[in-house]
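Since every read-out is calculated from the coordinates, none of them should be taken as a lab result. The structure presented is a predicted model; accordingly, all values stated were derived computationally and were not measured. Heads up, the Cβs are rebuilt from the backbone with ideal geometry, glycines too, and the neighbour counts pull from every protein chain shown.
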Amino acid sequence: MPTNTARMRLFFFSALALLFVAPGFSRAAQSAKMGEVRFTTDTQDERDAGVWIDGKYAGYVKELKGDRKVMLPAGEHEFVIKQAGYKDLTKKITVDPDQSPFQTIAVVLEENPKMTFPGGNAAEYRLDIRPTRAAVFVDDNYMGHGGDFGGHFHSMLVTPGKHHIKITLSGYKTYETDIDATASSKSQMKITLEKSSAPPA
């Protein structure tokens with residue numbers, strides 16, 4: 001039968017264990033509180049729009065569900081939704097999993113009257129980009145994701161002249177190149193992004 005001294009030692013070590021372990025569980029529980037953000041859309045352009053969350057590209061609207069659904073820690077987050085030919089849509093939301101398991105952003109894009117589209121002498125570029133989720137920019141203007149510009153029926157039209165192309169995706173090195181587009185020409189580009197060894201910021 002344990003003596004009083006043994007009981008005291010057992011209580012002392014049990015108290016120490018609670019002292020060191022309990023705060024860890026508390027922090028884990030807090031960090032595990034995540035809320036989902038969903039999107040509603042009415043048009044194909046809105047479904048294909050690119051989504052940036054707190055300054056980082058997350059993907060395009062219609063893919064951000066299921067295994068790729070947006071889960072964020074509690075707090076305020078900024079969403080910027082981009083689509084070629086439309087004004088950027090910026091939304092700030094506060095994620096509070098204790099109040100609601102998910103929030104919804106209605107993606108309603110407004111056409112940008114300042115946007116100029118390539119004319120009848122546009123150069124056509126068919127882009128085979130891997131991964132197809134990557135965001136494509138021309139002269140710092142978001143054009144779409146890689147899947148928009150590949151295959152037999154999809155390509156990117158640009159005005160004749162010099163342009164800067166940038167392709168970016170989290171976890172991969174950014175690809176950049178300059179092109180000199182010739183009027184009414186057709187070209188193909190195959191681009192495979194290299195995985196980045198640097199941890200995500």
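Can you work out the FRET efficiency for the pair Asp139 and Arg68, with r the C-beta to C-beta distance and R0 = 30 Å, to the nearest 0.05? All intermediate terms of the calculation are to be shown ahead of the outcome.
Working: r = 29 Å, r/R0 = 0.95.
E(calc), rounded to 0.05, equals 0.55.
Which of the three applies to the range 123-192, rounded, prolate or oblate, going by the alpha-carbon gyration tensor with a ≥ b ≥ c and a/c under 1.5 meaning rounded? Working shown, then result.
Numbers: a/c = 2.02, a/b = 1.36, b/c = 1.49.
Verdict is oblate for the range 123-192.
Taking amide H positions as placed in the peptide plane 1.01 Å from N, state which residues far from Ser196 in sequence (5 or more) or on other chains have amide H under 5 Å from it.
Tyr172, Lys173
How high is the relative contact order of the range 50-173? Use alpha-carbon pairs under 8 Å, at least six apart in sequence, and give a whole percent. Display every interim value, and only then the final one.
Values: 204 pairs, mean separation 27.2, N = 124.
It comes to 22 percent, rounded to a whole number.
Mind checking the range 127-191 for trypsin sites (Lys or Arg not before Pro) that DSSP puts in a loop (not H, G, I, E or B) and that have at most 15 other Cβ atoms within 10 Å?
Details: sites: Arg133, Lys162, Lys166, Lys173, Lys186, Lys190; in loops: Arg133, Lys173.
Hits after loop and neighbour filter: Lys173.
In terms of modelled amide H atoms, which long-range or inter-chain residues lie less than 5 Å from the amide H of Tyr86?
Amide H to amide H, under 5 Å and 5 or more residues apart or across chains, Tyr86 pairs with Asn112.
Which ³J(HN,Hα) values in Hz, rounded to whole numbers, follow from the phi angles of the range 139-155 under the Karplus curve 6.51 cos²θ - 1.76 cosθ + 1.60, where θ = phi - 60° and Gly and Pro get x?
6, 6, 9, 5, 10, x, 9, x, x, 6, 10, x, x, 6, 10, 10, 7
Please identify every one of the trypsin sites (Lys or Arg not before Pro) in the range 28-113 that sits in a loop by DSSP and has no more than 16 other beta carbons within 10 Å of its own beta carbon.
Numbers: sites: Lys33, Arg38, Arg47, Lys56, Lys62, Lys65, Arg68, Lys69, Lys82, Lys87, Lys91, Lys92; in loops: Lys33, Lys65, Lys69, Lys87.
Counting only loop positions with at most 16 other Cβ atoms within 10 Å, the trypsin sites (Lys or Arg not before Pro) in the range 28-113 are Lys33, Lys65, Lys69, Lys87.
Using modelled amide H (1.01 Å from N, peptide plane; none on Pro or chain starts), what sits under 5 Å from the amide H of Met143, excluding residues fewer than 5 places away?
Under 5 Å from the amide H of Met143: Val136, Phe137, Val138.
Between Val80, Ala49, Gly66, whose Cα lies farthest towards the positive end of the dipole of the range 34-106 when Lys and Arg beta carbons carry +1 and Asp and Glu beta carbons carry -1, centred on the Cα centre?
Result: Ala49, furthest along the dipole toward the positive end.
Work out from phi, with θ = phi - 60° and the Karplus expression 6.51 cos²θ - 1.76 cosθ + 1.60, the ³J(HN,Hα) of each residue of the range 52-59, listed in order in whole Hz, and give x for Gly and Pro.
Once rounded to whole Hz, the list reads 10, 10, 6, x, 10, 5, 9, x.
Convert each backbone phi in the range 114-130 into a coupling constant with the Karplus relation 6.51 cos²θ - 1.76 cosθ + 1.60 (shift: θ = phi - 60°), then list the ³J(HN,Hα) values in order as whole Hz, x for Gly and Pro.
For the range 114-130, the Karplus curve yields 7, 6, 10, 9, x, x, x, 9, 4, 8, 10, 10, 9, 10, 9, 10, 10 Hz.
Looking at the range 123-192, what % of its DSSP beta bridges pair antiparallel, to the nearest 5? Show your work: numbers first, answer last.
Numbers: 18 of 25 bridges.
About 70 percent, rounded to the nearest 5.
What is the extension gain from Thr104 to Ser197, computed as 0.36 nm multiplied by their sequence separation minus the C-alpha to C-alpha distance, in nm to one decimal?
Numbers: separation 93, 0.36 × 93 = 33.48 nm, distance 3.39 nm.
So the chain would gain 30.1 nm between Thr104 and Ser197.
Identify the chymotrypsin sites (Phe, Trp or Tyr not before Pro) of the range 141-198 meeting these criteria: DSSP loop state and at most 11 other C-beta atoms within 10 Å of the C-beta. Display every interim value, and only then the final one.
Values: sites: Tyr142, Phe149, Phe153, Tyr172, Tyr175; in loops: Phe153.
Counting only loop positions with at most 11 other Cβ atoms within 10 Å, the chymotrypsin sites (Phe, Trp or Tyr not before Pro) in the range 141-198 are Phe153.
Taking the Cα centroid of the range 113-133 and of the range 146-190, what is the distance between the two, rounded to the nearest whole Å?
7 Å
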